[in-house]
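Presented below is the structure to which this report refers.
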Amino acid sequence: MLSMFRASIIVATLSACAPALAQPASGPASTGAWSLQYGMDGSLHRATVNYETAPVWSYPIGGTRIDLVGEFGVSYWHVRNYDGPGRDKLWQFSAIPMFQWWLTPRLFVEAGVGATAFNHTTLGDDNLSTAFQFGDHLGVGYQLTDQMRLGVRLSHFSNAGIKHPNPGLNSWQAGLTMRF
């Protein structure tokens, strides 16, 4: 948890310094983007590569707007220093519709729920019961330039009680997104 706190401090510091370096941000993006995320929760670590579509829907609300984007990702999970009988690594594939509420031209909050699939149903001592899991995400981000933004996100994965046990997995993540 201390490492995630450090990552949050770094993201906050970079975000505070960014306006001096950044160009004015524009309206909804017209191209897709790639992101790298790294997250953890105790000894559980998660590295992710996502492709984010251009907004498929955008709605202005006063001086703000809400965008709906598709996020398609591949994640690698690893339990550090695990020597038990279960797996210490697995892969995850996801397709998540994400709502991004742009509170200012640079600051947004995001939320999304969607489908994910793991290549195995055990990770460390956790039995996930099903390879299919729902992914719930809540985050905040800051647009540094028209091409780059930073974000912090909390993600939770579970099968919503389809089958028991259903311990779920959690991950705090810091991310960098680039438009090309």
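The values are calculated or read from the model by the stated rules, or taken from the named source; none is laboratory data. The shown structure was predicted, so the numbers you read here are calculated from the model rather than taken from an experiment. When we count neighbours, we look across all protein chains shown, and the Cβ atoms used for this are built from the backbone with ideal geometry, even at glycine.
Numerical summary
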read-out	value
Neighbours by Cβ (under 7 Å, 6+ apart or cross-chain): first from region 123-146, at positive phi; second of a type in the set (Asp, Glu) and surrounded by fewer than 18 Cβ atoms within 10 Å (Cβ to Cβ)	GLY124/ASP88
Spans of strands (runs of 3 or more DSSP E) in region 83-163 with at least 1 residues in contact with a strand residue (DSSP E or B) (Cβ under 8 Å, 6 or more places away or on another chain), aliphatic (A, V, I, L, M) and closer than 18 Å to ASP41 by Cα	89-102, 132-143, 148-158
First in region 58-80 and of a type in the set (Asp, Glu), second anywhere and not in a strand (DSSP E or B), Cβ under 6 Å, 6 or more apart	ASP67/PRO28; ASP67/PRO55
Filtered residue count, region 90-119, keeping only those that are under 19 Å from PHE134 (Cα atoms) and of a type outside the set (S, T, N, Q)	16
Of residues in region 112-126 being of a type outside the set (A, V, I, L, M, F, W, C) and surrounded by 15 or more Cβ atoms within 10 Å (Cβ to Cβ), the one nearest to the chain's Cα centre (by Cα)	GLY112
ALA54, sole failed condition from (1) buried (at least 16 other Cβ atoms within 10 Å of the Cβ); (2) modelled with pLDDT of 95 or more; (3) part of a loop (DSSP other than H, G, I, E, B)	(1)
Among the candidates GLY27, GLY32, residue that is modelled with pLDDT of 90 or more and surrounded by fewer than 17 Cβ atoms within 10 Å (Cβ to Cβ)	GLY32
Residues of region 61-96 classified as surrounded by fewer than 15 Cβ atoms within 10 Å (Cβ to Cβ), under 20 Å from TYR51 (Cβ atoms) and in contact with an Asp or Glu (Cβ under 9 Å, 6 or more places away or on another chain), total	1
Index of the failed condition, THR48 passing every other in (1) closer than 26 Å to MET178 by Cβ; (2) surrounded by fewer than 15 Cβ atoms within 10 Å (Cβ to Cβ); (3) not aliphatic (A, V, I, L, M)	(2)
Exclusive hit being within 17 Å of THR177 (Cβ to Cβ) and either in contact with an Asp or Glu (Cβ under 9 Å, 6 or more places away or on another chain) or at pLDDT 95 or above (or both), set PHE132, PHE99	PHE99
